[in-house]
Amino acid sequence: MKNRTIYLLLSFSFFLISCKQTKSPYSIQKSVIADKAMVVTAHPLASKAGLEIIKKGGNAADAAITVQFVLAVVYPYAGNLGGGGFMVIRSNDGSFSTLDFREKAPAKAHRDMYLDSLGNAIDSLSRFGHLSVGVPGTVDGIFKIFNKYSKLKNMDMLINTAILLAENGFAITKKQAERLNEYREKFEKHNSHEIAFLKGNEWKEGDLLVQPELAQTLKRIRDQGEAGFYEGETADHIVAEMKKGGGIITHEDLKNYNSVWREPITTNYKDYNLITMPPPSSGGIALAQMLEMVENYPLENWGFQSKEAIHLMVETERRVYADRSKYLGDSDFYNVPIEELQDSTYLAERMFDFDLQFATSSDSVAAGAITMLQESNETTHFSIVDDEGNAVSITTTINGAYGSKTVVEGAGFFLNNEMDDFSAKPGTPNLYGLIGAEANSIQPGKRMLSSMTPTIVTRDGELFLVVGSPGGSTIITSVFQVFLNITEFGMTASEAVSAKRFHHQWLPDVIQIEENTFDSIKTQMLESMGHTVKISNLIGRVEAIRVLPDGKLEGAADPRRDDHAEGW
Ligand code: DON
């Protein structure tokens, strides 16, 4: 036991030294080529910890478990124990599967739980604090992955770096300091107890964030398995936290949580085969629909972000997001027409009124009117390929930035505000401006609809690309664009990920663009076709790994934030 502790502390010290803690705490790598393995995540410590596990003989699933735990510590903005997510995994024998560890509505949830006496949706209830929380799925998901795919079969080894980082602290980046300061008031509002994320003065780059309560929670998971989260002390802390603020999650909800292996959505685009996420994500179906709709147009000849290419892509997005609002929800509760939505004849009909010269009005695609996004939001994606050719693509979230903003007293982690992904009232927009209806109404035990689109692409049966993104409603269009940037516009993975992005989601009827995406001439051309163009926040944060023709791996971490690629 003593030897084990000394060994773990030594390897942790080497691990920290290898993270080059100079003035800016980390030297961040955006674009990396490697022979054997690659891990790309939102934080350098998580990418390094994941790759270390592969170097010690673990496979991509082992690395994914370590990354998920480390992100829960070093990336509280979106990394989590208190949220959920989706995994697409492809083994080197060509088999693949998806895991749905999405949060579920508690048993006491009901359709009108976020409506006032006049029947209007109260956004603050589904977005902040205790009532916005869905039953977390992440820890159950981790154990499902461990039991089915782990090569190391040693949870101690997989969780240990996270425990040490929580216990000893880690140096925060400049962006992390800025965000912790930005959310200070909300943390104060939604927590009556002391939390690790609040301190007397402002956070600065390089400050240590120490999370002793989270370390204890991780140790309970290490020692008791899933029961260390869903039962016993951690469950008691979660339920006690709920009682403080009008939350409704009970011990039974926690004990009954179950993640599910699901049949992937698979679709072809030219020579490529895409394996992606089925409901309760809308991402896989929407991606498949958009790719089929653009496949027969000369995108390559038109060129990257040519007027024609943008127009076509926007028009497919408009139609697909309209379908999403009506037909997509948790297929365990609602009969989602999965096949019908991907049917070629249906998709051709959907594009029947597409005009190469003019924008289609969203009113004529379907009805509705909504507002633009306001709050900044976050989720996180990571992509992993190991030295045996296994690949994992995971998108995980607590929904908004720091989720509900509520930290479980005594357990040290943020709870999600995923309930806002349900349609609180038909036609009323959620945090991302997305609207929904019956398919995505609230019911006990149901999973709220997601846009997360973890995806793996093969070509001629060989691994080609591992990709995914955060970004709420913009996730699907971010994955769509990065895939086309590589396959149609001849970009490297890094170029494809870095390129500016645009987004249309049917309603509001505008093309959202990142700053400096189009020049004024391009904007005017699009406006003369009937489009409205508006500058928005950053769109997506894509982490991709591409297998190059010589078999090497190209890791591409999004330049928009602290994202980091680590190769071997
Ligand atoms: O599941 C979803 O679609 C959302 N909860 C994802 C949130 C998200 O990506 C926020 N990130 N920027």
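Database remark: amide H of ILE265 closer than 5 angstrom to the amide H of THR276, MET277 (H placed geometrically; neighbours at sequence offset of 5 or more, or on other chains; Pro and chain starts carry no H). Remark: relative contact order (the chain) = 25 percent; criterion is Cα-Cα distance under 8 angstrom and separation of 6 or more residues. Considering helices alone, the calculated mean residue ellipticity of the chain at 222 nm is -10500 deg cm²/dmol, with DSSP H runs of length four and up weighted by -39500 (n - 2.57) and normalised per residue. The listed residues THR487, THR266, THR173 rank as THR266, THR487, THR173 when sorted by accessible area, largest first, using a 1.4 Å probe.
Relative to the Cα centre, what is the charge dipole magnitude of the chain, using +1 at the beta carbon of each Lys and Arg, -1 at the beta carbon of each Asp and Glu, and rounding to the nearest 20 debye?
With only Lys, Arg, Asp and Glu charged at Cβ, the dipole is about 1440 debye.
Seen from ARG459, the other residues with C-beta closer than 12 Å to its C-beta sum to a net charge of -1, counting Lys and Arg as +1 and Asp and Glu as -1.
Here the stretch 273-351 exposes an accessible surface that is 42 percent carbon and sulfur, computed with a 1.4 Å probe and the other protein chains kept in place. Per residue, the solvent-accessible area of the chain (1.4 Å probe, heavy atoms of protein chains only, all protein chains present) comes to 36 Å².
Ordering 389-395, 184-190 by mean Cβ neighbour count within 10 Å, with the highest value first, yields 389-395, 184-190.
Using a cutoff of 8 angstrom between alpha carbon atoms and counting only pairs six or more residues apart, the relative contact order for the stretch 467-568 works out to 30 percent. The listed residues HIS504, HIS130 rank as HIS130, HIS504 when sorted by accessible area, largest first, using a 1.4 Å probe. Using 24 Å as the Cα-Cα cut-off, could you pick out the over-long pairs in LYS30/LYS144; LYS36/LYS500; LYS153/LYS219; LYS104/LYS244; LYS326/LYS425; LYS243/LYS326? The answer is LYS30/LYS144; LYS36/LYS500; LYS243/LYS326. The apolar share of the surface of the stretch 227-271, taken as the fraction of accessible area on carbon and sulfur atoms (1.4 Å probe, ligands and nucleic acids excluded), comes to 44 percent. Quick one: grab the alpha carbon gyration tensor of the stretch 57-174, order the square roots of its eigenvalues as a ≥ b ≥ c, and give me rounded if a/c is under 1.5, else prolate or oblate depending on whether a/b is larger than b/c. Oblate is the answer for the stretch 57-174, as a/c is 1.5 or above yet b/c matches or exceeds a/b. Applied to the stretch 341-348, the Karplus parametrisation 6.51 cos²θ - 1.76 cosθ + 1.60 on θ = phi - 60° returns per-residue 3J(HN,Hα) values of 5, 9, 5, 4, 5, 4, 5, 5 Hz, with x for Gly and Pro. The protection proxy used here, the mean number of other Cβ atoms lying within 10 Å of each residue, ranks peptides 163-169, 61-67, 247-253 as follows, highest first: 61-67, 163-169, 247-253. Restricting to Cα pairs below 8 Å that are 6+ residues apart, what does the relative contact order work out to for the stretch 258-384? Please round to a whole percent. Normalised by residue count, the contact order of the stretch 258-384 is 22 percent.
Just how large is the dipole of the stretch 66-210 about the Cα centre, in debye to the nearest 20, putting +1 at every Lys and Arg Cβ and -1 at every Asp and Glu Cβ?
About 420 debye.
Computed from point charges on the beta carbon alone (+1 for Lys and Arg, -1 for Asp and Glu), the dipole magnitude for the stretch 281-375 about its Cα centre is near 240 Debye.
At 0.36 nm per residue, and after removing the present C-alpha to C-alpha distance, how many nm does the segment from GLU182 to ASP156 gain when stretched out fully?
Extending this stretch completely gives an extra 5.8 nm.
Protection proxy ranking, highest mean first, for peptides 96-109, 203-216: 96-109, 203-216, where packing is the per-residue count of other beta-carbon atoms within 10 Å, averaged. Toward the positive end of the charge dipole of the chain, with +1 on the Cβ of Lys and Arg and -1 on the Cβ of Asp and Glu, the farthest Cα among VAL482, PHE382, ALA109 is that of PHE382. Annotation note: GluC sites (Glu not before Pro) in the stretch 481-561 located in DSSP loop regions with a Cβ neighbour count of at most 12 within 10 Å are GLU515. Quick one: plug the Kirkwood hydrodynamic radius of the chain (C-alpha pairs) into Stokes-Einstein at 25 °C, 0.890 mPa s, and report D in µm²/s. In µm²/s, the coefficient is 105.
The values are calculated or read from the model by the stated rules, or taken from the named source; none is laboratory data. All of these numbers come straight from a predicted model, not from anything done at the bench. Note that each Cβ is placed from the backbone with ideal geometry, even for glycine, and that neighbours are counted across all protein chains shown. Note: accessible area is taken over every heavy atom of the protein model, side chains too, but ligands, DNA and RNA are not part of it. Shrake-Rupley method; radii C 1.70, N 1.55, O 1.52, S 1.80 Å.
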